[in-house]
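The values are calculated or read from the model by the stated rules, or taken from the named source; none is laboratory data. As the structure is a prediction and not an experimental result, all values here were calculated from the model. Here the Cβ is made from the backbone with ideal geometry for all residues, glycine too, and neighbour counts use every protein chain on show.
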């Protein structure tokens, strides 16, 4: 008898790092520079307790927190989030580019990425991604049988000449009408740590706009700003929402999980019409709304200033951990390894000399494992793009969850293997 | 310029009751017998506060509650849920029919319904539903362009002769291979209040099994037990998990939202392989796991007995409200209205004499609205099935969120209109 699974059900693959996670779980002494978890010791346990206590002691807030809410999200959280983003981007009060009317609260920004992609892409449609990019997004792409086309990145973001080349070649081949969106992880990108400059965002949006005519429909810039607030060096870069025309073409997704507490899983998106309406309806079918209790927790964290204080603490903590990893890399890695040092986020990116393979089956990975340390092989972060061979000589090194001591020891061991 | 929306994005319709909800919001004095919200006054605010306090004061539980967890769910909640269901169904300890190994925790059971349907159904596939059925599930069906085939229900569940007829006719027309699942809301069905007897579940599963050969693949029984614990009369009916062969063919979904606190949005499903693996991967793409904080809250509510106590309180409360509605209906409704009285859940079902229309544009609905009371028109709960005309002479009357006083007054006003 055949399976009854749908095409999507049959196609959807296991996440590429699930074997890494099982590996780490089965060997508790392993130093994992692979886990994308956030720093455990910094989780705001006492803050969350106080905030929840306030909510659940309040005669007005307690019950609504435990009741259903609107699918779109808690009105207070929507407004606070819009105000917060507008302030970050230096927008004018009342500017609709940051309007809560087009915002949806989701279960982490991951759910927003899923829904936005569902709302826009049919099978065989094309999404443009960075090369490398966030591998969980590639899971969405794979499961919906979309095609990814990857554009090289540099230390300030996508190579826009390459982007133009790609768009031009898609135009020539008549495939531009299949291009629905460009997926950009704009701050301290997972995995490379790269932050896209505002100028590059502007150039990207202009290029998408230029090729829209040939596409016959809008091409959206989907900006995933999950790591934005985890900056520990330099000043914030404005988001694409601050660009002219953003209101009609930019989908911005953000999250409160990473900068506050990953266990709360609250994210959000701002979407242009008609994507907003479609996404809201789809969210209704998914779960008709994210937990009100969690939303009120985040709303209160924002309105009391507890959120901002926690973010500052976190930034300091990650700065220290990043410095520890940077110093260890300088001390223990051979000079022919090119290290990309981030200004925020959770990851360093290391490029080994061409020819030195880092993949799951490589000698390097197996030797590292034998020495009790793991990393994410870079090749897991590359889309299936027939236009190039997947690079297999890179490593993502996370300092998010390991202790400073383990970071130093892990890098020392990796250095020995190299 | 055309829209860039996907077919799903363009197709997904607004929920049929969103206009009812806006209506209620815009007229706060309206008595809503339409809202499916749970009773506000009974929400376990103090319990939740104490449980969260315990978790967040605990040196071992606090941090993990605020960290990412496994996509499948919190191991303690999975185990407690499996034990709880097994006990409800009178299963033997260790019986794999209720195994947590095939269980996934989701954002309400709604997300489980979405994912299970995604995992099984391609466009044009057929799902068999009760006639009437839960309208939000019909939204999933509509958005994925599935076809629904509806089977008449009686006071103890689906008319199984009609089900057999349908399966036979699908076999004859060669469409059986498009049938993937039968969706059954088995306890105090929304909207009709009907509970399916265990005998009928058994007959249904046997019929599905019988027609599998002609289908060429398994046909799953998707049992949605969202209201199971809201029973206030009679004893529990065993779920389909207690049937022989259930382990391979029954998908069971349940929720902690309705019997505890809707604002927590924690549900779950038990799924047979290979649906379980596909669903788990899809859940990974959706949001890689439901909030750990909420899961630990529910796990602790279960393990401390706080959950069970709350359910008992809730059952008493709903019994009183249902009695109030039943009495008011007997007093104020004309004798030619057939009232289906539930033994649990949140809804009565009233069938007016044929010819008296209850739809959104009917004289009845408009007169009721003018008198300040609304209900859910029955026709919104019927699938688009070319095999029959949609009945338009019924009403769903909810006693969940209205106060007893408003229930009496609302029914009195409706009686006058009738």
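Miscellaneous remarks
- Candidates in region A:58-72 are the residues that are facing chain B (nearest Cβ under 7 Å) and part of a helix (DSSP H, G or I); of these, the one that is surrounded by the fewest Cβ atoms within 10 Å (Cβ to Cβ) is A:63.
- Selection status of residue A:339, farther than 23 Å from residue A:185 by Cβ, touching a helix residue (DSSP H, G or I) at 6+ places or on another chain (Cβ under 8 Å) and not assigned by TED's automatic domain parsing to the domain that holds residue A:146: no
Conditions (1) modelled with pLDDT under 90; (2) at the interface with chain B (Cβ under 7 Å from one of its Cβ atoms), marked per residue:
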residue	(1), (2)
A:15	yes, yes
A:22	yes, no
A:43	no, yes
A:77	no, no
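- Going through (1) more than 18 Å from residue A:304 (Cα to Cα); (2) in contact with a strand residue (DSSP E or B) (Cβ under 8 Å, 6 or more places away or on another chain); (3) not in a strand (DSSP E or B) one by one, residue A:82 falls short only on (1).
- Those residues of region B:11-57 which are within 30 Å of residue A:274 (Cα to Cα), part of a helix (DSSP H, G or I) and out of contact with any helix residue (DSSP H, G or I) (no Cβ under 7 Å at 6 or more places or on another chain), in sequence order: B:18, B:19, B:20, B:21, B:22, B:23, B:24, B:25, B:26
- Qualifying residue in region B:316-329 (condition: touching a strand residue (DSSP E or B) at 6+ places or on another chain (Cβ under 8 Å) and in a loop (DSSP other than H, G, I, E, B)): no
- Subset of region A:201-227 that is part of a strand (DSSP E or B) and closer than 13 Å to residue A:186 by Cα - its residue that is nearest to the chain's Cα centre (by Cα): A:224
- Residue check for residue B:70: more than 21 Å from residue B:282 (Cα to Cα) and over 20 Å from the mean Cα position of the chain (by Cα): no
- Residue that is closer than 23 Å to residue A:41 by Cβ, surrounded by fewer than 22 Cβ atoms within 10 Å (Cβ to Cβ) and out of contact with any strand residue (DSSP E or B) (no Cβ under 7 Å at 6 or more places or on another chain), where the choices are A:412, A:389, A:354: A:412
- Answer from A:231, A:247, A:281 - the residue that is in contact (Cβ under 8 Å) with a residue 60 or more places away in the chain, more than 20 Å from the chain's Cα centre (by Cα) and either at the interface with chain B (Cβ under 8 Å from one of its Cβ atoms) or under 29 Å from residue A:193 (Cα atoms) (or both): A:247
- In region B:147-170, residue nearest to the chain's Cα centre (by Cα) [restricted to those that are crowded, with 17+ Cβ neighbours inside 10 Å and over 23 Å from residue B:192 (Cα atoms)]: B:167
- Subset of region B:1-20 (residues that are surrounded by fewer than 18 Cβ atoms within 10 Å (Cβ to Cβ) and within 24 Å of the chain's Cα centre (by Cα)): B:11, B:13, B:14, B:18, B:19
- Exclusive hit being crowded, with 19+ Cβ neighbours inside 10 Å, farther than 24 Å from residue B:290 by Cβ and in the same structural domain as residue A:316 (by TED's automatic domain parsing), set A:85, A:120, A:33: A:33
- Condition check for residue B:26: within 30 Å of residue B:366 (Cα to Cα), without any contact (Cβ under 8 Å) to a residue 12 or more places away in the chain and more than 9 Å from every other protein chain (Cβ to nearest Cβ): yes
- Count - residues of region B:290-346 that are buried (at least 22 other Cβ atoms within 10 Å of the Cβ) and either modelled with pLDDT under 95 or within 14 Å of chain A (Cβ to nearest Cβ) (or both): 14
- Residues that are buried (at least 24 other Cβ atoms within 10 Å of the Cβ) and more than 14 Å from the chain's Cα centre (by Cα) within region A:254-274 comprise A:260, A:261, A:263, A:264, A:270, A:271, listed in sequence order.
- Criterion violated by residue A:407 - all others in (1) in a helix (DSSP H, G or I); (2) in contact with a strand residue (DSSP E or B) (Cβ under 6 Å, 6 or more places away or on another chain); (3) crowded, with 24+ Cβ neighbours inside 10 Å satisfied: (2)
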